[in-house]
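The values are calculated or read from the model by the stated rules, or taken from the named source; none is laboratory data. Computed from a predicted structure; not experimentally measured. Cβ: placed from backbone, ideal geometry, glycine included. Neighbour counts: every protein chain shown.
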Amino acid sequence: MTAGPSPIRRVIAVLAAALVAVVFISMQSSPLGGSVWEQIWLSTFGTGLGTTSVLQLAMPILFAGLAAAVCQRTGMWNIGIPGQMIMGAWTATWVAYHLSGVPQAPLVLAMMAAGVIGGGLWMLLPALARVYLGVSEIIGTLLLNFVAIQWLIYWTGGPWANTNQNGGGTLIAKPLPAQATLPQFTIGSTTIGLALLIGVALAVVLAAVYRYTQFGYRSALAESGDELVRYAGISVWRTRLVTLVLSGGIAGLGGVLLVLDQLHVLSTSLTADNSGYVGIVAAALAGNALLGVVPSALLFGFLAAIGSALQIMDVSGEIVTLLTGLVLIIACINVGKPRFLARRSSARGTSPPSAPAPEPAPTLDEVAK
């Protein structure tokens with residue numbers, strides 16, 4: 001498995017990007033009185049309401065980051081996380097409508113299971129295309145995002161439309177059953193949703209699976225996809241297929257938890273904050289370390305809260321987009337620099353390193369095994 005950036009390099013990436021953002025933010029003035037920094041502090045960790053906002057914004061980013069990290073640990077990219085979140089939420093909503101008389105606990109569990117299945121099945125098509133046809137999973141997952149958005153628009157504006165609330169640019173589906181919600185916990189003046197705790201627990205479980213199980217070992221080796229892996233009896237294609245579907249299931253779970261924890265209804269605002277794409281950046285910053293995605297998601301939740309505060313003050317929220325992009329660019333540079341130096345050192349030897357033999361496409365029998 002390709003090593004990610006060291007923790008020191010990740011911190012440098014964040015600090016370097018933050019330094020640029022500080023310059024831009026300091027040039028702004030608040031029309032509401034007081035400094036911009038004071039307003040930012042009050043809108044984030046300076047109050048219980050601000051801290052609650054940061055945690056809520058971090059929750060979908062956490063699940064998106066875990067979905068992205070799982071894929072990247074096997075040498076693949078899942079760019080279709082927003083679409084998988086939509087399909088997970090849609091599948092869970094369908095279950096809620098048909099099980100409206102079920103008590104809260106079994107209904108919520110059924111919706112969560114449906115979300116995992118919906119996201120996993122939505123990933124199945126590009127996964128099979130990757131295995132059978134060699135189609136890049138980047139293209140397949142990205143294009144399905146637009147299909148999922150149109151699917152969501154059709155149901156929220158048609159069969160499931162809530163004609164009493166739809167208006168403007170947001171389409172809202174019929175209300176969910178009253179028991180389709182997750183509990184929240186209050187510590188002082190800060191509210192923590194159960195969905196965030198589920199995300200943290202999932203990160204711990206996934207980290208243990210990838211560290212201590214045979215599947216994790218196979219996933220680490222499957223990234224290279226060379227002859228040595230196949231000689232060891234590891235099915236690279238089977239591992240990649242399972243990984244892609246698992247990634248889609250995690251994203252689908254994030255979508256249904258966003259509905260249960262915050263939105264409480266299926267609507268086109270499900271992916272309006274681009275948390276699916278931000279999760280990919282969070283995973284890259286964490287070096288695809290599953291436990292590292294947790295603080296990375298909190299960081300980007302903090303940045304999203306800053307963006308909301310700046311917009312309230314009529315200050316351009318694009319500064320946050322700039323900061324996110326800078327973090328990603330600097331993190332990628334930190335990852336690529338050690339690889340570049342290693343390859344340059346190898347090139348100075350007697351002969352350049354030989355490229356691994358291309359892996360043959362699997363047959364139907366191999367995939368079915």
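Evaluated against (1) among the hydrophobic types (A, V, I, L, M, F, W, C); (2) surrounded by fewer than 20 Cβ atoms within 10 Å (Cβ to Cβ); (3) within 30 Å of Gly134 (Cβ to Cβ); (4) modelled with pLDDT of 90 or more, Leu291 falls short on exactly one condition, (3).
Residue-wise test of (1) within 30 Å of Pro159 (Cβ to Cβ); (2) in a helix (DSSP H, G or I).
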| residue | (1), (2) |
| --- | --- |
| Ala251 | yes, yes |
| Gly254 | yes, yes |
| Val259 | yes, yes |
| Asp273 | yes, no |
| Ala284 | no, yes |
| Asn288 | no, no |
| Leu291 | no, no |
| Ser296 | no, yes |
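In this entry, Gly120 passes the filter for residues that are within 18 Å of Leu202 (Cα to Cα) and modelled with pLDDT of 95 or more. From the list Ser267, Ser354, Ser346, the one residue that fits, being small (Gly, Ala, Ser) and either at pLDDT 75 or above or touching a Lys or Arg at 6+ places or on another chain (Cβ under 7 Å) (or both), is Ser267.
Is at least one residue of the stretch 103-116 in contact with a Ser or Thr (Cβ under 7 Å, 6 or more places away or on another chain), hydrophobic (A, V, I, L, M, F, W, C) and farther than 15 Å from Ser267 by Cβ? Yes; the residues of the stretch 103-116 include at least one that is in contact with a Ser or Thr (Cβ under 7 Å, 6 or more places away or on another chain), hydrophobic (A, V, I, L, M, F, W, C) and farther than 15 Å from Ser267 by Cβ. Filtered by the rule that a residue be modelled with pLDDT under 75 and charged (D, E, K, R), the stretch 222-247 gives Glu223, Asp226, Glu227, Arg230.
For the stretch 97-114, the count of residues that are assigned to a loop (DSSP other than H, G, I, E, B) and within 25 Å of Ile280 (Cα to Cα) is zero.
So which residues in the stretch 155-204 are among the β-branched types (Val, Ile, Thr) and surrounded by 11 or more Cβ atoms within 10 Å (Cβ to Cβ)?
Step one: list which residues in the stretch 155-204 are among the β-branched types (Val, Ile, Thr), which gives 156, 163, 170, 172, 181, 186-187, 190-192, 198, 200, 204.
Thr156, Thr170, Ile172, Thr181, Thr190, Thr191, Ile192, Ile198, Val200, Val204 - these are the residues of the stretch 155-204 that are among the β-branched types (Val, Ile, Thr) and surrounded by 11 or more Cβ atoms within 10 Å (Cβ to Cβ).
In the stretch 308-326, the condition of being closer than 28 Å to Leu176 by Cα and either touching a Phe, Trp or Tyr at 6+ places or on another chain (Cβ under 6 Å) or assigned to a helix (DSSP H, G or I) (or both) is met by at least one residue.
Any idea which residue in the stretch 205-220 is modelled with the lowest pLDDT, counting only those that are over 22 Å from the mean Cα position of the chain (by Cα) and surrounded by fewer than 19 Cβ atoms within 10 Å (Cβ to Cβ)? Explain how you work it out, then say what you get.
Keep residues of the stretch 205-220 that are over 22 Å from the mean Cα position of the chain (by Cα), which gives 212-214, 217-218.
After this cut, where a residue has to be surrounded by fewer than 19 Cβ atoms within 10 Å (Cβ to Cβ) as well, the list is 212-214, 217.
Values: Tyr212: 92, Thr213: 91, Gln214: 87, Tyr217: 83.
Restricting to residues being over 22 Å from the mean Cα position of the chain (by Cα) and surrounded by fewer than 19 Cβ atoms within 10 Å (Cβ to Cβ), the top hit is Tyr217.
Does Ala272 satisfy the condition of being crowded, with 22+ Cβ neighbours inside 10 Å and at pLDDT below 95? It is false that Ala272 is crowded, with 22+ Cβ neighbours inside 10 Å and at pLDDT below 95.
The set of residues in the stretch 241-269 being hydroxyl-bearing (Ser, Thr, Tyr), over 13 Å from the mean Cα position of the chain (by Cα) and crowded, with 24+ Cβ neighbours inside 10 Å consists of Thr243 alone. Pairs are defined by a Cβ separation below 7 Å, a sequence spacing of at least 6 or placement on different chains, a first member in the stretch 205-216 that is over 11 Å from Ala289 (Cα atoms), and a second member that is aliphatic (A, V, I, L, M) and surrounded by 12 or more Cβ atoms within 10 Å (Cβ to Cβ); the pairs so defined are Phe215/Val209; Gly216/Val209. Pairs meeting the criteria (first residue in the stretch 180-202 and touching a residue at least 60 places away in the same chain (Cβ under 8 Å), second residue aromatic (Phe, Trp, Tyr) and assigned to a helix (DSSP H, G or I), beta carbons under 9 Å, at least 6 apart or on different chains) are Ala195/Phe63; Gly199/Phe63; Leu202/Phe63. List pairs: first in the stretch 122-148 and without any contact (Cβ under 8 Å) to a residue 40 or more places away in the chain, second assigned to a loop (DSSP other than H, G, I, E, B), Cβ under 7 Å, 6+ apart or cross-chain? Short answer, once both residue conditions are applied: Ala129/Val135. Evaluation of Met313 against the conditions (1) under 18 Å from Glu38 (Cβ atoms); (2) without any contact (Cβ under 8 Å) to a residue 24 or more places away in the chain shows that the sole unmet condition is (2). What are the residue pairs meeting all of these: first residue in the stretch 278-295, first residue within 15 Å of Ile8 (Cα to Cα) and touching a residue at least 60 places away in the same chain (Cβ under 8 Å), second residue surrounded by 23 or more Cβ atoms within 10 Å (Cβ to Cβ) and β-branched (Val, Ile, Thr), Cβ atoms under 8 Å, and 6 or more apart or on different chains? Hits for this filter: Leu285/Val327; Ala286/Val293. Looking only at residues in the stretch 76-102 that are of a type in the set (A, V, I, L, M, F, W, C) and farther than 18 Å from Val265 by Cα, which one is surrounded by the most Cβ atoms within 10 Å (Cβ to Cβ)? For the stretch 76-102, the residue satisfying everything is Ile81.
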